[in-house]
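S.K.: Quick one: the structure is below, and I'll ask about it shortly.
The values are calculated or read from the model by the stated rules, or taken from the named source; none is laboratory data. Everything numeric in this text was worked out from a predicted model, so none of it was measured. With ideal geometry, Cβ positions are generated from the backbone for all residues, glycine too; neighbour counts draw on all protein chains shown. Note: accessible area is taken over every heavy atom of the protein model, side chains too, but ligands, DNA and RNA are not part of it. Shrake-Rupley method; radii C 1.70, N 1.55, O 1.52, S 1.80 Å.
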Amino acid sequence: MFIAQLRSALCAMLLAALSFSAAADAPNSEYRQIEWIELMPADDLDALLNPPETIDQIADGSAEDSVEGLAGTEDEATKRYLAALESTRVVEEFNNSKIRLPGFVVPLEMKDEFTATEFLLVPFFGACLHLPPPPPNQIVYVTYADGVTLSSYQDAFWLEGTLKVETTASDMGTAAYTLVVDSVAPYSE
């Protein structure tokens, strides 16, 4: 079941990247609009897009149906796949870049019942809450004093700001990037 959830989460991540990529260009040319998969080194992306054949042979609920269950493997493709699932490797060219990125908010700290001031920005709804988290290089850590008002966890937002290569760990997941936010707006195409 875990491997099936993991596959579902990865599919959601890639679909989110494709659907978000269809959105309009940034209205302010000061910010480079990026897609989530651009934050992942090419070999990590390749490993996730081409999972080892052994994954399909794992029975739901079996001892192997977890990242830990696969960890003892000697198969190089499985090792590379597992490494990509937990990768904190980043694309250095984004360090200190002004970017525009759409995503979903996973609150870590709330100012009030509906306003998140510290959160993880993730590429798909349910990440870290209902599905296995995306790899750390697909999670962005954000603190924003003004806060993001959430009417639902299914709300997507555009964030603009300066992206930094900084790893931050939390109970909800590890982020390989940090965003210093200049503006937040509800997502629209």
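S.K.: Only one of (1) crowded, with 21+ Cβ neighbours inside 10 Å; (2) within 13 Å of the chain's Cα centre (by Cα) fails for L159. Which number is that?
M.R.: With (1) crowded, with 21+ Cβ neighbours inside 10 Å; (2) within 13 Å of the chain's Cα centre (by Cα) applied to L159, the lone miss is (2).
S.K.: Residue check: is S62 modelled with pLDDT under 95 and either closer than 25 Å to V180 by Cα or not in a helix (DSSP H, G or I) (or both)? Reasoning before the result, please.
M.R.: Numbers: modelled with pLDDT under 95: yes; either closer than 25 Å to V180 by Cα or not in a helix (DSSP H, G or I) (or both): yes.
Against the criterion (modelled with pLDDT under 95 and either closer than 25 Å to V180 by Cα or not in a helix (DSSP H, G or I) (or both)), S62 qualifies.
S.K.: What residue, of S170, S183, S152, is open to solvent by less than 70 Å² (accessible area, probe 1.4 Å) and farther than 16 Å from E109 by Cα?
M.R.: Result of the check over S170, S183, S152: S183.
S.K.: So V105 passes all but one of these: (1) closer than 15 Å to M40 by Cβ; (2) under 13 Å from the mean Cα position of the chain (by Cα). Which condition number does it fail?
M.R.: The one condition V105 does not meet is (1).
S.K.: Which condition number does P132 fail, the rest of (1) open to solvent by less than 20 Å² (accessible area, probe 1.4 Å); (2) more than 22 Å from P41 (Cα to Cα); (3) out of contact with any strand residue (DSSP E or B) (no Cβ under 9 Å at 6 or more places or on another chain) being met?
M.R.: (2)
S.K.: Scan segment 150-189 residue by residue and report those that are of a type in the set (S, T, N, Q) and either in a helix (DSSP H, G or I) or under 12 Å from F119 (Cα atoms) (or both).
M.R.: Our first condition is that a residue be of a type in the set (S, T, N, Q); within segment 150-189, this holds for 151-152, 154, 162, 167-168, 170, 174, 178, 183, 188.
Once the filter is applied, which keeps residues that are of a type in the set (S, T, N, Q) and either in a helix (DSSP H, G or I) or under 12 Å from F119 (Cα atoms) (or both), segment 150-189 yields T168, S170, T174, T178.
S.K.: Under 7 Å by Cβ, and 6 or more places apart or on different chains, what pairs join a residue from segment 49-63 that is in contact (Cβ under 8 Å) with a residue 24 or more places away in the chain with one that is hydroxyl-bearing (S, T, Y) and in a helix (DSSP H, G or I)?
M.R.: P51/Y81; P52/T78; P52/Y81; T54/T78
Here's the yes/no breakdown for (1) within 26 Å of A145 (Cα to Cα); (2) open to solvent by 10 Å² or more (accessible area, probe 1.4 Å); (3) of a type in the set (V, I, T); (4) not in a strand (DSSP E or B):
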position	(1), (2), (3), (4)
T73	no, yes, yes, yes
K79	no, yes, no, yes
A84	no, no, no, yes
K98	yes, yes, no, no
L101	yes, no, no, no
V105	yes, no, yes, no
L108	yes, yes, no, no
L120	yes, no, no, no
